[in-house]
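What follows is a set of notes on a single structure, which appears directly below.
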Amino acid sequence: MTASEQAQADEAPRVGTASGEAAPGASSGGWSVQEAGEPTTMLRAAVRPRMLGMLVLLAVAATVCGLLGAWQLDRAEVRGHRAQAEHEASIVAAEPVPLGDELSPQTAFRGELVARKVSVTGSYEPAGQLVVPDRVHDGATGYLVLTPLRVSDAGGASGAQDAGAVLPVVRGWVASPQDADEPPAGPVAVTGYLQASEQAGDGVQDGTVSAISSAELVGEWGGPIYTGYLVLVGSQPAQDPAIALLEPPSTPGSGLNVQNLAYAAQWWIFGGFAAALWLRMVRDEARGRPAGPGPSVPGPGAAPPARGSAARDDEAGAPDQQ
């Protein structure tokens, strides 16, 4: 190429633009960098049509998961109440076992002993009788009548070995302290449900105690004392029928079916995943799609790719063919 032809080529505008600038995506080589999604704010990314469509889809999925979780919770309550009613019926129908076979004084109260029906013989000590305020029975707030029973025969394996120990007995519920009569005098055979001792309260004050706690009652009644108490079912001789007997004790959460409760939690977790997935997609959209290499297609009139130095050397070293 002559010098004049080279000058004309330099002055000619580049093809693809009016001003002679290089067309976007064009390069001197055979490869170019593809355009990437431009970064933007989370709000702008969230209102893009694609993100709004995903929002509707995932919101429907989360709603379905929430409804299924609520349905499983309802099933947990229904099945739990039915199972609890059957359990209470079996407890009421059960025959009592000797207290000496289940619990001894000054020993730890095991969880499986809750609502265990037992029998024991002893004598009430009216001078130590207390009332426990703010206890609800059949929707009404009143007092529990708490009376110490000095055990004479625990029966079973212990038998008379536990004689002299103190067993707290909840003889029932009354509307006011004045309704708490004196217990039957003399030896009495009692039957009732075992329950674990409560945490310590404010102690004994004027014939009232806020909690049925063996740790507090031992200071008032002496020992040795049982670490649980008895919810009275009946006694011989019988006590005043004006004192309302209580239902069998129950453990917290026993009114729910654990399996259905777990299913409900799983559905709610799935719904939370749907919401988290949409937020993750919006965040990725806001960051922009990553750029990647790709082949470029030269426009009309674009200069051909420059040949490598290795190719030029090969041509220079090749012999001319005649």
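Overview of values
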| item | result |
| --- | --- |
| Subset of the range 237-269 that is open to solvent by 80 Å² or more (accessible area, probe 1.4 Å) and more than 24 Å from residue 118 (Cβ to Cβ) - its residue that is modelled with the lowest pLDDT | 258 |
| Matching residues in the range 175-214 - criterion: being outside any loop (DSSP other than H, G, I, E, B) and either without any contact (Cβ under 8 Å) to a residue 60 or more places away in the chain or closer than 12 Å to residue 122 by Cα (or both) | 177, 178, 187, 188, 189, 190, 191, 205, 214 |
| Residues of the range 125-147 that turn out to be surrounded by 13 or more Cβ atoms within 10 Å (Cβ to Cβ) and in a loop (DSSP other than H, G, I, E, B), as a count | 2 |
| Neighbours by Cβ (under 9 Å, 6+ apart or cross-chain): first from the range 47-72, part of a helix (DSSP H, G or I) and surrounded by 14 or more Cβ atoms within 10 Å (Cβ to Cβ); second β-branched (Val, Ile, Thr) and at pLDDT 90 or above | 65/269; 69/269 |
| Selection count where residues are open to solvent by less than 60 Å² (accessible area, probe 1.4 Å), polar (S, T, N, Q) and assigned to a loop (DSSP other than H, G, I, E, B), scope the range 80-107 | 2 |
| Within the range 108-124, tally of residues that are more than 26 Å from the chain's Cα centre (by Cα) and open to solvent by 60 Å² or more (accessible area, probe 1.4 Å) | 2 |
| Residue in the range 22-40 that is in a helix (DSSP H, G or I) and either modelled with pLDDT of 90 or more or open to solvent by 40 Å² or more (accessible area, probe 1.4 Å) (or both) present | no |
| Every residue from the range 155-174 that is among the basic types (Lys, Arg) and either in contact with a Gly (Cβ under 7 Å, 6 or more places away or on another chain) or assigned to a loop (DSSP other than H, G, I, E, B) (or both) | none |
| Filtered residues of the range 157-177 (kept if open to solvent by 30 Å² or more (accessible area, probe 1.4 Å) and either in contact with a helix residue (DSSP H, G or I) (Cβ under 6 Å, 6 or more places away or on another chain) or within 13 Å of residue 129 (Cβ to Cβ) (or both)) | 157, 177 |
| When residues of the range 183-203 are limited to those that are open to solvent by 50 Å² or more (accessible area, probe 1.4 Å) and among the aliphatic types (A, V, I, L, M), the one modelled with the highest pLDDT | 185 |
| Near pairs, Cβ below 7 angstrom, 6+ apart or cross-chain, from the range 121-135 (in contact (Cβ under 8 Å) with a residue 40 or more places away in the chain) to any residue that is aromatic (Phe, Trp, Tyr) | 128/221; 131/143; 132/143; 133/143 |
| Set 156, 172, 186: member being within 16 Å of residue 210 (Cα to Cα) and of a type outside the set (A, V, I, L, M) | 172 |
| Criterion (surrounded by fewer than 18 Cβ atoms within 10 Å (Cβ to Cβ), part of a strand (DSSP E or B) and small (Gly, Ala, Ser)) met by exactly one of 234, 272, 219 | 234 |
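The values are calculated or read from the model by the stated rules, or taken from the named source; none is laboratory data. This structure is a prediction, so every number in the text was calculated from the model and none was measured. Please note: Cβ atoms are built from the backbone with ideal geometry, for glycine as well, and neighbour counts cover all protein chains shown. Ligands, DNA and RNA are excluded from the accessible area calculation, which covers all protein heavy atoms including side chains. Shrake-Rupley method; radii C 1.70, N 1.55, O 1.52, S 1.80 Å.
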